[in-house]
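Coordinate-derived values only; no laboratory data. Remember, it's a predicted structure, so these values are computed and weren't measured experimentally. In this analysis, Cβ positions are derived from the backbone assuming ideal geometry, glycine residues included, and neighbour counts consider all displayed protein chains.
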């Protein structure tokens, strides 16, 4: 394990007996999620009996327990009839596919095609050395027995978990207990590790299974190598965190030797019907996407719409981090990823929380997701569609969006949030999802400032709100924009659901306007509950769209009345310029003054000699480096590749700080200024004249030299809505 991976060691020693004796109710809540006041009652009520939908006394929609004299006994654990089969992916990787034809009660299962959940076994030297993921306990299969029959329990050295849920923990515990290798390593992300430790405190079987296991928290840049063959290292596995608000522990794994991306929930689909499809290899079934987009396209699209469209900003960050480049016969994905790359106009919004700089392209010949077929035949199509869908969702959020804010103790409130979000996106309104357990107050404030509506969700812990929701509620009440937009509240509970009542009362007392009645769900949401959530989200989105249409009509009327006042500003914005980076260097060596800035007010001014004009705002640091006689380089950015350089230029910089720190650049021999290799072209120029022009200075410069760096690239163009700003 590389230095970037933090070894946390066996957890057995970190589980004092006193802590392990905590009540299961307290220990099974999400890590860090606690009631805002000391608990006065159990966090969970005995599971409900028959559920019935009705309205509460306040008119709120609710899912309540049928009246009874005595709380019923907990229902038996539900298991779904499933089949398990081992399918070869390539000579060094097998898929263990668990298929279930029944419809599970989750929003993304609405198509009723059943589902598969996939685990992957990786070989080295003819032996299984790594296992990626385990199935949920809800599937009625003996996963450990399958591993034993394959001989994997005696050879496994690594177990990788790309997404950990409470339902997977019992299966994981049995797998760990069955493995025989000394020094077995369990690799997972930090959020997953926190959940694992939290649950191990209350689960002796899990704690016992972990005693002889080394836990490793992996992060971006972490990697492992399977067994060496002589002096040659074995297969390298690289880890790439791709978290979302609902799945903060999500992890992708890249196998370098065969270019397989194990993508966890990304690129998944719920469809068990591929097991029935014939294949070309003598009728033997395959784990891959036989039939390609024509067969599975709707399932991939539906999964994205339900699970990833509401978190499009995080998906954009993940796609940028993965930076997939199709390997072998698939060809380059640059063209199909162009819609995502063209989101430079919203770069600050798009990359909140993203890493600075772009990762190296990741060669991928097939994608192995947690659910559905392995993506091989439709690889280029699916990755391109992800880029298109994500770009569309981010752009939709720019015009109107709803902030979906929640915390979730058992995953049930998260399911409600997902269903509400799905309804919102169906109506063409963007969603900004924040998991209050991970989001900071500044992120919450930004979401509230730009939203056209919001919904707030919470579980009930001991009759109270979790601390994170309590804090968020105070921020919401103080936010001026939040007071002006429609809202509602929702939550799940195991006793009496006070959290929803508290949120409803505080918001209504503060004068907030509710778009739909509060939603209350007792225990795990049913299909009926999810339908209620989806339709409520749809109603909220439609109200926002109607308000936007009214505003557009009012704006159009004002524009007509104002005539030249704002009309000329709109007209000026139609004047387009190439998006460039202007660089200059004054002096030589370490003491040289250097600068760089984005420039789009650029135009050719003469043929012979070739010349151009550039407008520079007076308060820009670059202005002092561009007197008459100064030399500079104008880098014309390439369409589709401008995003990373815009991010670099838009970052806040300290005075005299190197704007290209960490970026690979070249130097002009004639001017000493920076040349950007990824640009479409560059021009070496000399300032011949300057003219004051309002709040800008217009430079006339002669072109002494230039070069086209990419014949196929088009110049990136800067589009504006109004002419009163950049």
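What the table below lists for this structure:
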| quantity | calculated |
| --- | --- |
| Computed label-point distance, nm, for sites residue 708 and residue 570 using a 7 Å Cα→Cβ extension | 3.7 nm |
| Residues 633, 628, 141 arranged by fewest to most Cβ contacts within 10 Å | 628, 141, 633 |
| Kirkwood Rh, Cα atoms: Rg over Rh of region 577-718 | 0.93 |
| Zero-based 5 Å bins, Cα pair distances in region 177-258, whole percents | 3, 13, 18, 20, 19, 15, 7, 3, 1 |
| Square roots of five times the Cα gyration tensor eigenvalues for region 380-450, Å | 22, 16, 12 |
| Peptide ranges 294-304, 703-713 listed from the most packed, as the mean C-beta count within 10 angstrom indicates | 294-304, 703-713 |
| Residue-span extension gain [residue 445 to residue 475] - 0.36 nm each, minus C-alpha spacing | 10.1 nm |
| Cubic angstrom per residue, convex hull over Cα atoms of region 400-562 | 102 Å³ |
| q = 0.13, 0.22, 0.29 Å⁻¹, region 641-704: log10 I(q)/I(0) [Debye, one scatterer per Cα] | -0.52, -1.13, -1.13 |
